[in-house]
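Q: I have a structure here, written as structure tokens, and I will follow up with some questions on it.
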Amino acid sequence: MNSITILRIYQRLCDDVGRLKFSLPAEFVYNPLAYAWDGFRQYAKFSEGQKRVVFVGINPGPWGMAQTGIPFGEVKAVREFLGIERIKIFQPEDTHVSYPVDGLECKRSEVSGKRLWGLFQEKFGSPENFFAENFVLNYCPLLFIGRSEKGSIHNITPDKLIPSERDELCELCDEALIEAVETLRPDFVVGVGTFAYQRAKSSLEYSLTYGHPDIIKILHPSPANPQANKDWAGKATSQLKSSGVWQ
């Protein structure tokens with residue numbers, strides 16, 4: 001069963017990345033696969049069956065997967081679209097006061113997750129229709145919080161880590177992504193954003209035994225990306241249609 005395999009892959013990844021140490025700019029490191037494993041466990045049920053498309057995000061957002069354990073797991077989307085209404089959440093050992101973990105009680109909305117799951121809901125109507133041929137994963141399971149050069153606290157994507165620590169992390173994440181894609185056997189792997197696309201391309205292109213899925217990129221829905229703030233759904237849909245993922 002796919003769900004058992006996916007859970008095994010990401011439990012091991014959770015343990016492996018949990019042993020890593022990170023330097024500045026990463027001041028706080030959240031591992032939602034550890035403290036919100038119940039959310040990912042419930043989500044993994046949607047991985048059953050061979051998938052035509054696997055979407056791959058970068059890493060958890062502070063108001064999405066960091067709250068629910070689910071990739072792009074914006075609370076309203078998790079409750080109302082995915083139908084997951086209860087998640088057992090533990091508290092991480094060390095959190096920044098501006099980025100608490102409140103689970104499904106979180107009042108903030110993760111814009112990236114709202115946009116991504118909103119697009120899928122609009123096109124497919126129900127989770128059953130979407131997950132019949134699709135699944136969503138994050139490349140890296142860790143959220144990094146750190147201080148910018150101007151002194152503000154914000155989340156940091158893995159590409160901003162110091163190179164040696166980033167490379168050690170990516171080696172583990174590459175291995176997990178390869179195993180997950182081997183399990184789901186998609187025709188398309190869609191990198192949501194440039195970093196996820198590059199990592200998928202690098203890790204998957206010559207590593208799979210079942211064949212060679214097309215690896216494509218769509219615009220990341222983050223509001224930090226200026227291009228995403230005007231009709232992101234239309235732009236992503238156009239990219240998916242032009243690449244043959246959607247008809």
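The values are calculated or read from the model by the stated rules, or taken from the named source; none is laboratory data. Being a predicted model, the structure only gives us computed values, none of them experimental. Cβ sites come from the backbone with ideal geometry, for glycine too, and all protein chains shown count toward neighbours.
Q: Among the listed residues Asp38, Asp16, which satisfies the condition of being under 20 Å from Gln91 (Cβ atoms) and at pLDDT 95 or above?
A: Result of the check over Asp38, Asp16: Asp38.
Q: With respect to Cys140, determine if the residue is under 18 Å from Gly61 (Cα atoms), in contact with a Leu (Cβ under 7 Å, 6 or more places away or on another chain) and in contact (Cβ under 8 Å) with a residue 40 or more places away in the chain.
A: For Cys140, the condition - under 18 Å from Gly61 (Cα atoms), in contact with a Leu (Cβ under 7 Å, 6 or more places away or on another chain) and in contact (Cβ under 8 Å) with a residue 40 or more places away in the chain - is met.
Q: Output the residues belonging to segment 13-40 that are surrounded by 15 or more Cβ atoms within 10 Å (Cβ to Cβ), assigned to a helix (DSSP H, G or I) and of a type in the set (D, E, K, R). Working first, answer last.
A: Filtering segment 13-40 for residues surrounded by 15 or more Cβ atoms within 10 Å (Cβ to Cβ) gives 13-14, 16-17, 22, 25-40.
Of the ones still in play, those that are also assigned to a helix (DSSP H, G or I) are 13-14, 16-17, 32-35, 37-40.
Passing the criteria: Asp16, Asp38.
For (1) in a strand (DSSP E or B); (2) surrounded by 21 or more Cβ atoms within 10 Å (Cβ to Cβ); (3) at positive phi, each residue gets a yes or a no:
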| residue | (1), (2), (3) |
| --- | --- |
| Gly191 | yes, yes, no |
| Gly211 | no, no, yes |
| Lys217 | yes, no, no |
| Pro223 | no, no, no |
| Gln227 | no, no, no |
| Ala233 | no, no, no |
| Ala236 | no, yes, no |
| Lys241 | no, no, no |
| Gln247 | no, no, no |
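Q: In addition: For Val97, only one of the following conditions fails: (1) part of a loop (DSSP other than H, G, I, E, B); (2) at pLDDT 95 or above; (3) out of contact with any Phe, Trp or Tyr (no Cβ under 9 Å at 6 or more places or on another chain). What is its number?
A: (2)
Q: So, in segment 131-168, how many residues would count as being assigned to a loop (DSSP other than H, G, I, E, B) and β-branched (Val, Ile, Thr)? Outline the logic, then answer.
A: Restricting attention to segment 131-168, the residues satisfying the condition of being assigned to a loop (DSSP other than H, G, I, E, B) are 132-133, 139-142, 148-152, 157, 161-162.
Still in the running and β-branched (Val, Ile, Thr): 157, 162.
So the answer is 2.
Q: Please state which of the following conditions Val78 fails to meet, knowing it meets all the rest: (1) in a loop (DSSP other than H, G, I, E, B); (2) surrounded by 13 or more Cβ atoms within 10 Å (Cβ to Cβ); (3) in contact with a helix residue (DSSP H, G or I) (Cβ under 7 Å, 6 or more places away or on another chain); (4) of a type outside the set (Gly, Ala, Ser).
A: Only one criterion is unmet by Val78, namely (1).
Q: Now for a separate question. Is there any pair with a first residue in segment 196-211 that is in contact (Cβ under 8 Å) with a residue 12 or more places away in the chain and a second that is surrounded by 15 or more Cβ atoms within 10 Å (Cβ to Cβ) and small (Gly, Ala, Ser) whose Cβ atoms are under 8 Å apart and which are 6 or more apart or on different chains, and what are they?
A: Correct list of pairs: Ala196/Gly57; Tyr197/Gly191; Arg199/Gly191; Ala200/Gly191; Lys201/Gly191.
Q: If Ala66 meets every condition in (1) on the phi > 0 side of the Ramachandran plot; (2) not acidic (Asp, Glu); (3) not in a loop (DSSP other than H, G, I, E, B) apart from one, which number is that one?
A: So the condition that Ala66 fails would be (1).
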